[in-house]
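Colleague: Let me begin by handing over the structure; questions about it come next.
The values are calculated or read from the model by the stated rules, or taken from the named source; none is laboratory data. Since this is a predicted model, take the numbers as computed values, not measurements. Cβ sites come from the backbone with ideal geometry, for glycine too, and all protein chains shown count toward neighbours. SASA here: full protein model, heavy atoms, side chains in, ligands and nucleic acids out. Shrake-Rupley method; radii C 1.70, N 1.55, O 1.52, S 1.80 Å.
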Amino acid sequence: MHSPACHEATSSQLRPLYLSLLLIAFGSGCIRPCVVPFLGDQFDMTKKGVASRKWNLFNLYTFSMGLAPLTALTVVVYVQENMGWSWGLGIPTIARLIAIFAFVMGSSFYRKVKPQGCSLIRLVQVLVAAIRKRKEVLPDDPKLLYENKELDAPISLQGRLLHTYQFRWLDKAATVTKEESNIKDTKEAPKLWSLATVHRVEELKSILRLVPICLSTILHVASVSSNQNFLIQQARSMDRRITSSFQIPPATMFVFSVMTMMIGVILYEHHFVPFASRLTKNPSGLTCLQRMGIGYGISIIATIVSSLIEIKRKNVATKYNMLDSPKAIIPISVFWLLPQICLHGLVKVFMSGGHLEFLYDQSPESMRSTTIALFSIFISIGNYCSTMMVSFVHRFSGNDESNWLPNRNLNKGRLEYYYLLVSVVQVINLIYYVIVACFYTYKPVEEISSVMMNGKEDLQQGKEKIFVLESGCTMEDQNMILTVQR
């Protein structure tokens with residue numbers, strides 16, 4: 001039943017709203033997969049280049065990305081609550097216009113790597129070539145597989161992928177038949193739908209290796225994405241007063257999660273990494289997989305804590321006979337929610353930077369945007385699964401009196417049971433993640449680092465050979481002279 005002061009929106013009013021949401025989704029889908037790869041293009045991301053820096057690019061990105069929600073959850077939410085939605089939506093619009101202007105003005109200073117064809121087509125070419133040659137016998141020596149450094153040069157500026165023994169049936173795409181035996185001698189361009197290079201085969205293998213790790217993201221997102229909605233409902237029913245005249249908006253409580261994440265990233269970078277590196281002998285302290293695994297573990301703890309805090313909130317509501325009053329303010333401070341909020345912020349310290357670094361490092365060089373886009377699809381699937389999980393629990397957990405997630409009165413629900421169910425799902429997901437992480441094979445790369453110098457060929461002492469990449473390298477690519485680590 002609608003309030004007389006609130007009129008239901010008409011179809012003509014809803015259309016602009018849905019169109020704007022569609023445009024936001026479309027814009028985010030275009031921007032997010034490209035930001036991290038573009039950021040990496042501005043720096044030397046070879047192992048030598050990363051080791052020479054005292055800061056981690058992905059931790060810095062995670063920290064800077066925290067500034068946006070920090071502003072949104074404080075300034076924008078306050079304006080929205082006190083001045084209306086027009087100002088609340090107007091401020092982000094102005095901020096986006098300023099961001100576009102700054103990006104365009106600075107575009108001449110960026111290092112831009114030109115695209116070299118559609119990466120998805122290359123994957124399909126390898127798959128088709130492997131199917132066509134499914135009856136061919138693989139050579140015992142992988143060195144007999146087809147390689148063409150000049151052909152792969154534009155898509156391997158930082159390093160050429162080396163052969164691995166996983167998914168060996170795909171190696172048939174690089175098997176040279178008798179009819180194709182003259183290609184190596186004549187240096188003719190191969191028909192890529194029937195013959196692929198080892199590097200291109202390994203690109204597909206790298207993507208296939210990433211899929212099981214990314215699948216664990218679906219259950220993780222499905223478990224935690226709806227928790228924010230329930231936390232807002234909990235906060236609305238609790239005492240949010242800071243002073244006699246000011247109380248915290250429910251959505252602003254997430255600012256503590258963002259602050260925990262930002263402070264945690266700083267502590268992780270400057271204290272945890274040096275400490276962990278002394279124990280693990282790894283300059284990064286932890287591998288990306290270990291870092292993400294810790295994040296999954298902390299997420300389980302955060303969900304269990306959420307269940308305990310909900311029990312505490314309902315006990316206070318029972319004590320003051322407020323279970324039947326959905327709009328009543330229970331005399332318990334909203335800051336009781338801080339432990340679970342801060343733990344979720346700590347999860348992001350390990351998960352956000354770890355995921356980005358892992359995807360950037362392990363995806364093929366020319367497919368980093370594609371890989372992050374695919375990862376975003378897994379996150380979207382997780383959000384849909386979360387909605388399905390909530391709907392399923394709401395439908396089958398009982399009637400209005402005993403439903404875990406009631407429509408109107410959260411005090412009469414069993415939200416703590418839902419949190420415990422979610423924690424069980426997270427434990428199952430963690431077990432799955434540990435198994436696939438243990439069997440994960442890191443991609444081997446014949447690393448190429450850029451050296452800013454002039455000349456066409458030079459030999460260095462040791463085991464390094466420096467040469468100019470004849471194909472695909474222009475003055476705009478800064479006349480890179482590539483160092484191949486043998």
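Colleague: Report every pair of residues separated by at least 6 positions or lying on different chains whose Cβ atoms are under 8 Å apart, first residue within segment 28-51 and closer than 23 Å to GLU446 by Cα, second among the charged types (D, E, K, R) and assigned to a helix (DSSP H, G or I).
Modeller: VAL36/ARG368; PRO37/ARG368; GLY40/ARG368
Colleague: Quickly run through segment 167-188 and pick out the residues that are closer than 25 Å to VAL124 by Cβ, at pLDDT 75 or above and of a type in the set (Lys, Arg).
Modeller: ARG168, LYS172, listed by residue number.
Colleague: On to the next question. Out of the residues in segment 1-16 that are of a type in the set (A, V, I, L, M, F, W, C) and open to solvent by 80 Å² or more (accessible area, probe 1.4 Å), state the one that is modelled with the highest pLDDT. So that I can check it myself, show each step before the final result.
Modeller: Residues of segment 1-16 of a type in the set (A, V, I, L, M, F, W, C): 1, 5-6, 9, 14.
Cutting the leftovers down to open to solvent by 80 Å² or more (accessible area, probe 1.4 Å) gives us 1, 5-6.
Numbers: MET1: 41, ALA5: 61, CYS6: 66.
The extreme case among them is CYS6.
Colleague: If you don't mind, there's one more thing I want to ask. Please state which one of GLY106, GLY88, GLY117 is of a type in the set (Gly, Ala, Ser), under 25 Å from ILE31 (Cβ atoms) and touching a helix residue (DSSP H, G or I) at 6+ places or on another chain (Cβ under 7 Å).
Modeller: Going through GLY106, GLY88, GLY117 in turn, just one is of a type in the set (Gly, Ala, Ser), under 25 Å from ILE31 (Cβ atoms) and touching a helix residue (DSSP H, G or I) at 6+ places or on another chain (Cβ under 7 Å): GLY88.
Colleague: Filter segment 273-292 for residues that are among the polar types (S, T, N, Q) and open to solvent by 60 Å² or more (accessible area, probe 1.4 Å); which is farthest from THR441 (Cα to Cα)? Before the answer, list the steps.
Modeller: Applying the first criterion (among the polar types (S, T, N, Q)) to segment 273-292 yields 277, 280, 282, 284, 287, 290.
Now restrict to residues that are open to solvent by 60 Å² or more (accessible area, probe 1.4 Å): 280, 290.
Details: THR280: 19, GLN290: 14 Å.
Filtering segment 273-292 for residues that are among the polar types (S, T, N, Q) and open to solvent by 60 Å² or more (accessible area, probe 1.4 Å), the one farthest from THR441 (Cα to Cα) comes out as THR280.
Colleague: Hey, among GLU269, GLU310, which residue is farther than 21 Å from TYR61 by Cβ, of a type in the set (Asp, Glu) and either in a loop (DSSP other than H, G, I, E, B) or not assigned by the TED database to the domain that holds VAL76 (or both)? So that I can check it myself, show each step before the final result.
Modeller: Details: GLU269 fails: farther than 21 Å from TYR61 by Cβ.
Being farther than 21 Å from TYR61 by Cβ, of a type in the set (Asp, Glu) and either in a loop (DSSP other than H, G, I, E, B) or not assigned by the TED database to the domain that holds VAL76 (or both) holds for just one of GLU269, GLU310, which is GLU310.
Colleague: Same structure, new question: Take the residues in segment 297-333 that are open to solvent by less than 80 Å² (accessible area, probe 1.4 Å), among the hydroxyl-bearing types (Ser, Thr, Tyr) and over 27 Å from VAL224 (Cβ atoms), then tell me which one is modelled with the highest pLDDT.
Modeller: THR318
Colleague: So if I check each of SER223, SER194, SER216, which one is under 19 Å from GLN125 (Cα atoms) and out of contact with any strand residue (DSSP E or B) (no Cβ under 6 Å at 6 or more places or on another chain)?
Modeller: Working: SER223 fails: under 19 Å from GLN125 (Cα atoms); SER216 fails: under 19 Å from GLN125 (Cα atoms).
Answer to the check: SER194.
Colleague: Return the pair list, or none, for Cβ contacts closer than 7 Å from residues in segment 413-434 that are of a type in the set (Val, Ile, Thr) to residues that are open to solvent by less than 80 Å² (accessible area, probe 1.4 Å), at least 6 apart or on different chains.
Modeller: VAL422/SER223; VAL422/THR303; VAL425/LEU219; VAL425/SER223; VAL427/ILE300; VAL434/GLY293
Colleague: Picking from MET45, MET65, which residue would you name as being within 20 Å of the chain's Cα centre (by Cα) and open to solvent by less than 50 Å² (accessible area, probe 1.4 Å)?
Modeller: Only one candidate qualifies: MET45.
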